[in-house]
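Worksheet: one structure, shown below.
The values are calculated or read from the model by the stated rules, or taken from the named source; none is laboratory data. Please read all numbers here as calculations on a predicted model, not as lab measurements. Cβ atoms come from the backbone with ideal geometry, glycine included; neighbour counts cover every protein chain shown. Calculation scope for accessible area: heavy atoms of the full protein, side chains included, ligands and nucleic acids excluded. Shrake-Rupley method; radii C 1.70, N 1.55, O 1.52, S 1.80 Å.
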Amino acid sequence: MTDSTEATETFAPPPEFAAAANVKEDAYERGAADFEGFWAEQSRDLVDWNEDFTEVLDWSNPPFAKWFADGKLNVAYNCLDRHVLAGNGDRVAINFEGEPGDSRSLTYAELLAEVSKAANMLTELGVEAGDRVAIYLPMIPEAVISMLACARLGAAHSVVFGGFSADALRSRIIDAEARVVITADGSYRRGKETSLKPAVDEALSHGDTPVESVLVVRRTGQDVDMTEGRDQWWHDTVDNASPEHEAEFFDAENPLFILYTSGTTGKPKGILHTSGGYLTQVLYTMKAVFDAKPETDVFWCTADVGWVTGHSYVAYGPLAAGMTQVIYEGTPDTPDQGRWWEIVEKNKVTTLYAAPTAIRTFMKWGEDIPAKYDLTSLRLLGSVGEPINPEAWRWYHRVIGGGRCPIVDTWWQTETGSHMIAPLPGVLATKPGSAQRPIPGISVDVVDETGEHPAGPEGGLLVIRQPWPSMLRGIWKDPERFKETYWSRFEDTYFAGDGARRDEDGDIWFLGRVDDVMNVSGHRLSTAEIESALVAHPSVAEAAVVGAADDTSGQAVIAFVIVVDGVENSPEVAEELRQHVGKEIGPIAKPKRVHIVSELPKTRSGKIMRRLLKDVAENRAVGDSTTLADSSVMELIEASVAKS
Ligand code: 6R9
């Protein structure tokens, strides 16, 4: 079978980029020779430890790892105080762009003062080291300020994405036993005011949460109900608190945050991350993968703080690295489809980190939109969240990166805490569609179903062989589920749940979640591969493929496709696309049905929820869609499928 995703062409880093890169080829060897020694060295180099550690890794009770356990540090101190003490207090930490066009800049000294005030206020509310605080905020500076204030106090935050429902918020508050909720009246999205506070009121209305206090940031000024004795305005309390706060130092394994992530089924898992190891690998990947140059770079990670990418590469990574970063509140098409590029031009962004789904949307809108802006400040591009199809990769490289910016396709998970597989941009010639190699100090394999043999050329399962510093320390309050989900399939080996294969150069290509691998008449087909073939057709803007139960073939390939403007929704077009896939990949991959739809169901982190499409394809009632960015999408899809 031919492979439509394979790209023979590679892109060597520009010589100046390679020469100036922070990390060179020798890092791979050093990481492989002695991974514990390697990570100890990175940690001492990149993290300010208040007390040095004597033991690097304690793996005496797998899968429960401890890294740098007897060291002491404060994560917020590493993000703030140390930069101010080093004389960089005047450097801009955050350039905030509000959706309506307002903007706000915070230097490191100002951010330290804001975080100190918030820490003092949380202390007044009784928050102590070891407690949990729920954060339900839009993408405004107070989200980062709140996270860092918790870290400063040694309290763990549980950020709940602002697009989640009151129910989702309530169950997460209860599971984490949060005492305080930090929220806002609302925010601006798509040119409109959205509200958040009513969802908090509803979540707390059952009286079954341990929440004692709610802090409310005023963002839009809309009317909100304030419950006496429970709710207080941020501007009445935090703003009046003292801007002085002395950081205490905590154990390396002190919990930093819990972040809930939905499994394919069942209740969301509270992924637990701790401090010293997490910060070490987040900082190392800032340096190695993002080639962070804090004096000159302007970093923009477009992810929401409600997602792990917003934790590691908005709240912690860029700040711990002392960089200037951009935070944007709203949607890419407000007030028009050039908004992102206007932000890049205005802020002279050097490093842009985004999801493939956003790139494909921009492709659909057309390259004349970014062409109107000066994007020459960009020097490095990143991709995260799902496999980036080679078409989108090339477009990103050419249209956004002007052909001169390396692209780092970064594979990682909420569970891994930071990048695991990604090219070092100054070292490897990058390959459209491949995340390529584990970063130095990380050891992965692609194995067959038994776990005993390397997978063949058709691919297999991705596993991680050794513990890594930013690995999850468990599932909150559920050690059994932690073992069962990740460590039971293969002994002492982390099972990631992703399908992958290696090409002849040893480079890794992701094939989607294992649950997205289809089996049609005994042939293994990847959803990602067929989607890539569809997206490569000039009529297609976006595609999602699922395997639906089929009497004859076991599973049948069903495709949901968004066509580009000007192409009509007709049986002829659907048939042409079927034939196209057959031609590109092989007749076996030809979708049984192609549904042309106007939207695809996506989470706010940009992942297509194939599970829901599968429900449609198998004529079932659509399952839980509460994590969708826009829950009305499923009705639109069901309606267009019914018509076709
Ligand atoms: C960071 C993040 C994790 C899952 C992961 C995989 C998919 C993420 C990817 C990628 C291929 C990449 N994924 N990045 N697949 N190439 N560069 O996305 O965390 O929300 O926990 O999702 O996302 O399937 O297992 P999370």
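Worth a mention:
- Residues (under 27 Å from the mean Cα position of the chain (by Cα) and touching a residue at least 12 places away in the same chain (Cβ under 8 Å)) located in region 29-48: Gly31, Ala32, Phe35, Glu36, Phe38, Trp39, Ala40, Gln42, Ser43, Leu46, Val47, Asp48
- Of the numbered criteria (1) farther than 16 Å from Leu612 by Cα; (2) surrounded by 16 or more Cβ atoms within 10 Å (Cβ to Cβ); (3) of a type in the set (S, T, N, Q), the one Ser570 fails is (2).
- Residue match in region 451-460 (condition: within 15 Å of the ligand (Cβ to nearest atom), in a loop (DSSP other than H, G, I, E, B), under 22 Å from Ala303 (Cα atoms) and open to solvent by less than 10 Å² (accessible area, probe 1.4 Å)): no
- Considering Ala574, Ala541, Ala621, Ala533, the condition of being more than 16 Å from the ligand (Cβ to nearest atom) and either in a strand (DSSP E or B) or charged (D, E, K, R) (or both) is satisfied by Ala541 alone.
- Per-region count, region 224-261, residues part of a loop (DSSP other than H, G, I, E, B) and either at pLDDT below 95 or small (Gly, Ala, Ser) (or both): 5
- Residues (at pLDDT below 90 and not hydroxyl-bearing (Ser, Thr, Tyr)) located in region 433-450: Glu449
- Asp102 being without any contact (Cβ under 8 Å) to a residue 40 or more places away in the chain and closer than 29 Å to Asp333 by Cα: yes
- Wholly enclosed strands (runs of 3 or more DSSP E) of region 128-203 bearing at least 2 residues within 26 Å of Val75 (Cβ to Cβ) and in contact with a strand residue (DSSP E or B) (Cβ under 6 Å, 6 or more places away or on another chain): 132-136, 156-159, 180-184
- Residue among Val289, Val282, Val314 that is open to solvent by less than 10 Å² (accessible area, probe 1.4 Å), within 16 Å of the ligand (Cβ to nearest atom) and over 25 Å from Trp476 (Cβ atoms): Val289
- Looking across Lys590, Lys583, one residue alone is in contact with a helix residue (DSSP H, G or I) (Cβ under 6 Å, 6 or more places away or on another chain), among the basic types (Lys, Arg) and open to solvent by 50 Å² or more (accessible area, probe 1.4 Å). It is Lys590.
- Scanning region 280-294 for residues that are over 21 Å from Ala149 (Cβ atoms) and either without any contact (Cβ under 8 Å) to a residue 12 or more places away in the chain or of a type in the set (Val, Ile, Thr) (or both) gives Thr280, Thr285, Val289.
- Taken as a whole, the condition of being in contact with a strand residue (DSSP E or B) (Cβ under 9 Å, 6 or more places away or on another chain) and of a type in the set (Asp, Glu) applies to Glu386.
- In the set (1) more than 19 Å from Pro538 (Cβ to Cβ); (2) within 13 Å of the ligand (Cβ to nearest atom); (3) hydrophobic (A, V, I, L, M, F, W, C), Ala392 fails one condition alone, (1).
- Selection of region 176-200 for residues being open to solvent by less than 10 Å² (accessible area, probe 1.4 Å) and among the β-branched types (Val, Ile, Thr) yields Val180, Val181, Ile182, Thr183, Val200.
- From the list Asn22, Asn78, the lone residue that is among the polar types (S, T, N, Q), at pLDDT 95 or above and either open to solvent by 30 Å² or more (accessible area, probe 1.4 Å) or outside any helix (DSSP H, G or I) (or both) is Asn22.
- Some residue of region 429-442 being more than 15 Å from the ligand (Cβ to nearest atom), touching a His at 6+ places or on another chain (Cβ under 7 Å) and assigned to a loop (DSSP other than H, G, I, E, B): no
- Single residue of Ala559, Ala528 found to be in contact with a Pro (Cβ under 8 Å, 6 or more places away or on another chain) and away from the ligand (no atom under 16 Å from the Cβ): Ala559
- The number of residues in region 363-421 being open to solvent by less than 50 Å² (accessible area, probe 1.4 Å), among the charged types (D, E, K, R) and assigned to a loop (DSSP other than H, G, I, E, B) comes to 2.
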